[in-house]
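Read the structure below first, then the notes.
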Amino acid sequence: MTSDTLTAKSAPSAETSTNNPSNHNDVPAHDNEIHSGVGVLDKTVKILDALESGPATLGQLVAATHLARPTAHRLAIALERHRFVVRDQHGRFVLGSRFAELAAAAGEDRLLAAAGPILQTLLDRTGESAQIYRRQGEQRVCIAAVERASGLRDSIPVGAMLSMEAGSAAQILLAWEDTERLHQGLRHAKFSAAKLATVRKRGWADSINERDEGVCSISAPIRNASGQVIAAISISGPSGRMGSNPGHRFAPLVMGAGKYLSDALIKASISR
């Protein structure tokens with residue numbers, strides 16, 4: 001989302017050119033509509049505005065936007081390719097997960113501002129390295145971390161990209177996704193749909209030897225003001241030290257840390 005080269009004599013734009021017959025079939029814009037001067041952008045926003053009210057068939061999009069059917073279809077398909085729009089089980093267009101990803105990125109500064117002390121507290125109370133992960137496409141990225149000063153530890157540097165196919169943080173970041181992305185994420189995952197159902201029910205995830213042999217981790221969700229899971233907070237360390245049932249031992253502390261950060265994001269959102 002290439003720069004255009006300005007010339008002394010401008011050629012007709014793609015939106016006004018006679019080579020774009022679908023443009024002439026669109027109903028003229030209403031006076032109260034916002035005009036940016038970029039026709040294709042204004043029409044794309046019409047599609048998104050229509051979907052803000054809920055799922056819509058192509059026919060319903062045409063009726064709501066007053067765009068020609070070929071134009072509405074072309075723009076909806078383009079948005080689908082970029083994951084701003086997806087299809088539900090009935091084939092209707094709905095807003096996609098890309099918006100949640102962008103919202104998470106926008107809120108990352110507020111999350112990082114509050115994360116440092118909480119991660120350090122988690123390390124002090126559990127004795128294990130602590131991290132925060134955010135989903136980035138088909139991977140997850142470590143956006144904050146603290147490590148044990150000595151002894152065996154699971155060292156994950158900030159900026160490290162890890163798979164979404166294994167590990168308790170991956171489970172958290174996938175468990176509350178929409179149905180389509182959840183099913184896609186499970187295709188090559190080392191955990192099952194039943195495991196994610198348990199994660200949603202109890203509010204935390206654990207993994208033992210799932211990402212790496214000899215490594216355990218416990219994770220909980222971090223939510224934004226809208227209740228969406230935007231990140232996962234985790235502790236990780238050697239299974240020999242964390243024990244055979246680390247979830248029941250450490251989950252309350254990790255969940256408490258996740259809730260604290262979620263509440264901090266809500267307060268920051270209210271105070272803006």
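A few points about this structure:
- Positions within the stretch 246-260 being under 14 Å from I233 (Cβ atoms) and small (G, A, S), in sequence order: A251, G256, A257, G258
- Among the residues of the stretch 237-255, just one is over 23 Å from I222 (Cα atoms) and modelled with pLDDT of 90 or more, namely P238.
- 2 or more residues buried (at least 16 other Cβ atoms within 10 Å of the Cβ) and touching a strand residue (DSSP E or B) at 6+ places or on another chain (Cβ under 9 Å): qualifying helices (runs of 4 or more DSSP H) within the stretch 138-256: 168-175, 193-202, 239-242
- Some residue of the stretch 58-78 being modelled with pLDDT under 80, open to solvent by less than 40 Å² (accessible area, probe 1.4 Å) and of a type in the set (S, T, Y): no
The values are calculated or read from the model by the stated rules, or taken from the named source; none is laboratory data. Since this is a predicted model, take the numbers as computed values, not measurements. Glycine gets a Cβ as well: all are built from the backbone with ideal geometry, and neighbour counts include every protein chain shown. For the accessible areas, the whole protein counts, side chains as well, though only heavy atoms, and no ligand, DNA or RNA atoms are used. Shrake-Rupley method; radii C 1.70, N 1.55, O 1.52, S 1.80 Å.
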